[in-house]
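One structure is given below, encoded as structure tokens.
The values are calculated or read from the model by the stated rules, or taken from the named source; none is laboratory data. Treat the numbers as computed from the prediction; the structure is a model and nothing was measured. FYI the Cβ positions are ideal-geometry reconstructions off the backbone, even for glycines, and counts take in every protein chain you see.
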């Protein structure tokens, strides 16, 4: 029996693969009233025979790691959408983000008790990508929570 092979939808996620580092800006929010600059480090690796990308993320502020996250990106063939399962050092549990690529921009959204969040990955430049996290209390009015611009390392 032939084993399943990754599809074009799975392969599109491979643009995330690599080690990345970049400058980030956090905007004032209830979680961080002042906001401020940070440095983000991202390690994305292909796993499970090319069906998923696993992300390990850490954010450094004022010389020490202040936040860590772990994501698993995949293609949901039944739902016909991309999914990112997210866990982080805030201890709030698991979030599932769902969405689509438009050209080389992956936009994923999640609903949670306080509202919604949206993660936008712009993978249109080779060796670089930008990320933006927006939050909304109602899904209509969005506010940027953080932005980052990353370059591939190594």
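Here are some notes:
- Residue within the range 4-15 that is within 19 Å of residue 139 (Cβ to Cβ) and crowded, with 16+ Cβ neighbours inside 10 Å present: no
- Any hit, the range 21-34, residues being outside any loop (DSSP other than H, G, I, E, B) and either without any contact (Cβ under 8 Å) to a residue 24 or more places away in the chain or closer than 18 Å to residue 81 by Cα (or both): no
- Top-ranked residue in the range 119-144 [being free of Cβ contacts under 8 Å to residues at least 24 places away in the same chain and loosely packed, with under 11 Cβ neighbours inside 10 Å; ranked as farthest from residue 29 (Cα to Cα)]: 126
For (1) under 27 Å from residue 18 (Cβ atoms); (2) at pLDDT 95 or above, each residue gets a yes or a no:
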| residue | (1), (2) |
| --- | --- |
| 121 | yes, yes |
| 129 | yes, yes |
| 139 | no, no |
| 154 | yes, no |
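- Count of residues meeting criterion [in a strand (DSSP E or B) and over 30 Å from residue 3 (Cα atoms)] in the range 43-94: 12
- Annotation for the range 34-41: no member residue is surrounded by fewer than 14 Cβ atoms within 10 Å (Cβ to Cβ), farther than 23 Å from residue 128 by Cβ, out of contact with any helix residue (DSSP H, G or I) (no Cβ under 8 Å at 6 or more places or on another chain) and at pLDDT 95 or above.
- Within the range 95-108, the set of residues being within 15 Å of the chain's Cα centre (by Cα) and in a strand (DSSP E or B) comprises 95, 96, 97, 98, 99, 100, 101, 105, 106, 107, 108.
- Failed item, numbered, when residue 111 is tested on (1) at pLDDT 95 or above; (2) surrounded by 14 or more Cβ atoms within 10 Å (Cβ to Cβ); (3) in a strand (DSSP E or B): (1)
- Residue within the range 62-85 that is touching a residue at least 60 places away in the same chain (Cβ under 8 Å), more than 19 Å from residue 130 (Cα to Cα) and out of contact with any strand residue (DSSP E or B) (no Cβ under 8 Å at 6 or more places or on another chain) present: yes
- Just one of the listed residues (29, 66) is more than 29 Å from residue 102 (Cα to Cα) and surrounded by 14 or more Cβ atoms within 10 Å (Cβ to Cβ), namely 66.
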